[in-house]
Amino acid sequence: MINNLTLMKANDNRLPVWPAFVHARCPQCRRGAMFSTSMYGFKSQKMNKTCPHCGMTFEREPGYFYVAMLVSYAMFVAEMVALGITISVLTGGSRSPWLYLGVILSTGVILSPFNFRYSRVILLYWLTPGLHYRPELSGDDTTAA
C-alpha cells in the first residue's frame, strides 16, 4: 500500500503528452512554449532557441531542422491524397483537373504554417533519439519570468 501511494505521489507532476504536443510545448518539460509567435498571423512563425521553462536547446545540432522538411513533406502528401479522395467522393468522381488542382494547391498554401510548426514538433517529440520527457522539470519554476 505504501509503495502504491509513493508511486502516485511521484506521478503527480507528470503532464500528459497530447495537450503538450497540440500546444507545441517543450518535449522535455512539457511546459515551455516552442514558438514565440502564433501559427497564423501577420508575423512569420518564430521558434524559441531554448525552452523558457527548462532551458533545453531545441536545435540539437546545426541543421537539425532540415529533417523537419521531410516530415512536412510526408504530412503534405498525406493531406493532399486525403483531400483528393474527398473531392472525388463529394463530386461523384469529377474529371476536371482544375478542380483538383485549385482546391489542393489552395489548401496546401493554407496548411503550410500548420505543417511547418507540427513537423518540428513531431521531430522533437517522436523522432529524436535520446530526448525524453523529464517529469522533474515539469514543476513550477520560480526563476522563469
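The values are calculated or read from the model by the stated rules, or taken from the named source; none is laboratory data. Keep in mind it's a predicted model, so treat the numbers as computed, not measured. Cβ placement follows ideal geometry from the backbone for every residue including glycine, while neighbour counts extend to all protein chains displayed. Ligands, DNA and RNA are stripped out before the accessible areas are found, and what is left, the full protein with its side chains, is counted by its heavy atoms. Shrake-Rupley method; radii C 1.70, N 1.55, O 1.52, S 1.80 Å.
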>> Looking only at the range 33-82, count every residue that is β-branched (V, I, T) and over 24 Å from V17 (Cβ atoms) and tell me the total.
In response: 2
>> Take T57 and tell me if it is surrounded by 11 or more Cβ atoms within 10 Å (Cβ to Cβ) and either at pLDDT 95 or above or under 21 Å from S38 (Cα atoms) (or both).
In response: yes
> Which members of the range 38-54 meet the condition of being in a loop (DSSP other than H, G, I, E, B) and surrounded by 15 or more Cβ atoms within 10 Å (Cβ to Cβ)?
Replying inline: Q45, N48, C51, P52, H53, C54
>> farther than 18 Å from Q45 by Cα and either modelled with pLDDT under 95 or in contact with a strand residue (DSSP E or B) (Cβ under 8 Å, 6 or more places away or on another chain) (or both): is that true of S106 in this structure?
In response: no
> If you take the residues of the range 83-99 that are assigned to a helix (DSSP H, G or I) and open to solvent by less than 50 Å² (accessible area, probe 1.4 Å), which of them is nearest to G41 (Cα to Cα)?
Replying inline: L83
